[in-house]
Amino acid sequence: MEEDQPAVDGSQISQWGAVHAVDTRWFVRFFISDCSLNIRFYDLIALSLVGLHSQLRQELAQNFWDEMGRGIRENEHNNLFKRILEYVGVEYDPGSFIESLGSQGLAGYNLFLRFGLHRKHFLHSIGNMAVSEMMDPANYAKLVRGCKRVGLTDETAQAYYFEHISVDVAHGDGWIANVMLPMAHQFPNHTCDIIVGAEVRLNTSFDYYENLYSQLTHPA
Ligand SMILES: [Fe+2]
């Protein structure tokens, strides 16, 4: 990669959006891609709850409750995301799930499912989920900065991202203190599994964002 080009991970693509994206089309394309994982994230949290160690239930249940809009239907995160799509004039199309994610995104989604469906991957699932919660706030802060710069200024319409900027900071801290550290102490010979779960999430995210960055910066 040339020196003046940004490296491509979730952080860098958001940085590029914050500083360089010149019109709303870039963001609309980003939202469509970002939709597929986020609008079904409820399923992945629900899967991670099954068979959970009792000491971890509070933290995961809090994540789940936030995902459910803390009891207010219109604030459920899937509805918040549909609000963004509506704001930019895009109709949600559940049938385009595979096309929207592409092979790179599907690889990441498959990992969520594999780790959630098989209890033997319980510690992988923790690392995978935790790093996802930790990546989002900083990336989304840059994203909304870019949105504002190109005229997407309605914060109510973009509540999904603003919510995750604030809420996921707490989730990230909670995952470290209430999930990762207790599990590392309880399974000292298997802490590597938590790291591997986080690492594979970072790797699939890198591939996903690299592909998305290429699409956004070199549209067909
Ligand atoms: Fe969410």
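Taking TYR140, is it within 15 Å of the ligand (Cβ to nearest atom), of a type outside the set (Asp, Glu) and either touching an Asp or Glu at 6+ places or on another chain (Cβ under 7 Å) or not in a helix (DSSP H, G or I) (or both)?
It is false that TYR140 is within 15 Å of the ligand (Cβ to nearest atom), of a type outside the set (Asp, Glu) and either touching an Asp or Glu at 6+ places or on another chain (Cβ under 7 Å) or not in a helix (DSSP H, G or I) (or both).
List, please: which pairs have Cβ atoms under 7 Å, are six or more places apart or on different chains, and start with a residue in the stretch 148-175 that is touching a residue at least 24 places away in the same chain (Cβ under 8 Å) and more than 17 Å from GLU76 (Cα to Cα) and end with one that is among the hydrophobic types (A, V, I, L, M, F, W, C) and more than 16 Å from the ligand (Cβ to nearest atom)?
VAL150/ALA21; VAL150/PHE27; LEU152/PHE27
Is there any pair linking a residue in the stretch 83-99 that is within 14 Å of ASN38 (Cα to Cα) to one that is of a type in the set (A, V, I, L, M, F, W, C) and at pLDDT 85 or above, with Cβ under 6 Å and at least six apart or on different chains, and which?
Final answer for the pair search is ARG83/ALA157; ILE84/PHE31; TYR92/LEU85.
Let's see how each residue does on (1) more than 21 Å from ALA61 (Cβ to Cβ); (2) β-branched (Val, Ile, Thr); (3) in contact with an Asp or Glu (Cβ under 9 Å, 6 or more places away or on another chain):
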| site | (1), (2), (3) |
| --- | --- |
| ARG149 | yes, no, no |
| PHE162 | yes, no, yes |
| GLY174 | no, no, yes |
| ALA198 | yes, no, no |
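For ALA130, only one of the following conditions fails: (1) in contact with a Leu (Cβ under 9 Å, 6 or more places away or on another chain); (2) closer than 17 Å to ILE45 by Cβ. What is its number?
Only one criterion in (1) in contact with a Leu (Cβ under 9 Å, 6 or more places away or on another chain); (2) closer than 17 Å to ILE45 by Cβ is unmet by ALA130, namely (1).
State all residues of the stretch 53-75 that are more than 14 Å from the ligand (Cβ to nearest atom) and touching a residue at least 60 places away in the same chain (Cβ under 8 Å); if no residue qualifies, say none.
Correct list: HIS53, GLN55, LEU56, GLN58, GLU59.
Any residue that is buried (at least 16 other Cβ atoms within 10 Å of the Cβ), β-branched (Val, Ile, Thr) and within 16 Å of the ligand (Cβ to nearest atom) - is there at least one of those in the stretch 87-103?
There is no residue in the stretch 87-103 that is buried (at least 16 other Cβ atoms within 10 Å of the Cβ), β-branched (Val, Ile, Thr) and within 16 Å of the ligand (Cβ to nearest atom).
Could you list all residues from the stretch 143-165 that are more than 14 Å from the ligand (Cβ to nearest atom) and in a helix (DSSP H, G or I)?
Residues satisfying the conditions are LEU143, VAL144, ARG145, GLY146, CYS147, LYS148, ARG149.
What's the total number of residues in the stretch 104-121 that are touching a residue at least 24 places away in the same chain (Cβ under 8 Å) and touching a helix residue (DSSP H, G or I) at 6+ places or on another chain (Cβ under 8 Å)?
Going through the stretch 104-121 one residue at a time, the tally reaches 12.
If you take the residues of the stretch 35-52 that are assigned to a helix (DSSP H, G or I), free of Cβ contacts under 8 Å to residues at least 60 places away in the same chain and not β-branched (Val, Ile, Thr), which of them is surrounded by the most Cβ atoms within 10 Å (Cβ to Cβ)?
The extreme case among them is PHE41.
Do you know which residues across the stretch 166-196 are surrounded by fewer than 19 Cβ atoms within 10 Å (Cβ to Cβ), within 16 Å of the ligand (Cβ to nearest atom) and of a type in the set (A, V, I, L, M)?
Scanning the stretch 166-196 gives VAL169, ALA170.
How many residues are modelled with pLDDT under 85, part of a helix (DSSP H, G or I) and crowded, with 19+ Cβ neighbours inside 10 Å when one looks only at the stretch 2-34?
Adding up the residues that qualify gives 6.
Restricting to the stretch 75-92, name every residue that is touching a helix residue (DSSP H, G or I) at 6+ places or on another chain (Cβ under 8 Å) and part of a helix (DSSP H, G or I).
ASN75, HIS77, ASN78, ASN79, LEU80, PHE81, LYS82, ARG83, ILE84, LEU85
The values are calculated or read from the model by the stated rules, or taken from the named source; none is laboratory data. Keep in mind that what you see is a predicted model, and the values were worked out from it rather than measured. Using ideal geometry, Cβ is built from the backbone for each residue, glycine included, and neighbour counts are taken over all protein chains shown.
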